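Structure in structure tokens, see below.
The values are calculated or read from the model by the stated rules, or taken from the named source; none is laboratory data. Just so you know, these numbers come straight off a predicted model, no measurement behind them. Neighbour counts are summed over all protein chains in view; Cβ atoms, including those assigned to glycine, are modelled from backbone coordinates with ideal geometry. All accessible areas refer to the heavy atoms of the entire protein, side chains included, with ligands and DNA or RNA removed. Shrake-Rupley method; radii C 1.70, N 1.55, O 1.52, S 1.80 Å.
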Amino acid sequence: MAQKKIIEDRDVLDKALLVISEQGPERFTLADVGKAVGLAPATLMQRFGSKQQLLILAAKQANVKLGIDLEELKKKKLPWEQELIHLLSAMPEGFGSRQDIANSLGVLKLDMVDPELHPIARQLFESLRHRIQELLQEGQSSGRLDKTFDVNAITWELDALRHGLVIQWTLSGEGTLQEWLEKGFGNYFKRINR
């Protein structure tokens, strides 16, 4: 009779995402993830196959988490601008220090060149941009955002601004990353809103 899994795969993958953000994709080991979840590295190998496969499944889990987070945020029925600023400035658990960001650049490097990781990362970025675009369209429909604005162009601007603000904060920002992002996006929307 098969033994029931005590820790669900999604919980292991959530912890793996934290370990990867703390240590970077090159340095983390199955032993590190095993320690975080209370499983032996051999058990992780049996369940996930390899460090690379665990990394791929963790990336897929990040997409699942983003989808859940987007739905939860929609359910709050915040005003479009408030939801947008929250969406753009919220940081996932384990992603708030300069070291976390440095480690995420290692993940980004892999996302750019790894044929299995690239489409997963692209899906995550496209999901986020799609929701940004929906919220901007809401702003136009409500009359709070000028109808002549090119929503597609602003979506791309906001995506680029977010990445730029993150890097800017790591080099010269004050306060927390989330505070820095909220301030940056608040200033942006003051300029473009009526």
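For residues in region 36-68 being more than 21 Å from the chain's Cα centre (by Cα) and small (Gly, Ala, Ser), which is nearest to Ile6 (Cα to Cα)?
Gly38
Tell me the residue from Trp156, Trp169 that is open to solvent by 80 Å² or more (accessible area, probe 1.4 Å) and part of a helix (DSSP H, G or I), please.
Trp156
Return the total of residues in region 130-156 being of a type in the set (Asp, Glu) and free of Cβ contacts under 8 Å to residues at least 12 places away in the same chain.
2
Checking the structure you have, find out if any residue of region 128-142 is closer than 22 Å to Leu70 by Cα and outside any helix (DSSP H, G or I).
Yes, region 128-142 has at least one match.
Inside region 118-149, can you point out the residues that are within 18 Å of Leu88 (Cβ to Cβ), open to solvent by 30 Å² or more (accessible area, probe 1.4 Å) and among the charged types (D, E, K, R)?
Within region 118-149, Glu126, Arg129, Glu134, Glu138, Arg144 qualify.
Against the condition open to solvent by 40 Å² or more (accessible area, probe 1.4 Å), within 30 Å of Pro25 (Cα to Cα) and outside any helix (DSSP H, G or I), how does Pro115 come out, does it pass?
For Pro115, the condition - open to solvent by 40 Å² or more (accessible area, probe 1.4 Å), within 30 Å of Pro25 (Cα to Cα) and outside any helix (DSSP H, G or I) - is met.
Check every one of the helices (runs of 4 or more DSSP H) wholly within region 35-95 and list those with 3 or more residues that are surrounded by fewer than 18 Cβ atoms within 10 Å (Cβ to Cβ) and of a type in the set (Asp, Glu).
Ranges flagged: 51-75.
Let me ask something additional. For region 16-34, give me each residue that is open to solvent by less than 30 Å² (accessible area, probe 1.4 Å) and not in a helix (DSSP H, G or I).
Scanning region 16-34 gives Gly24, Pro25, Phe28.
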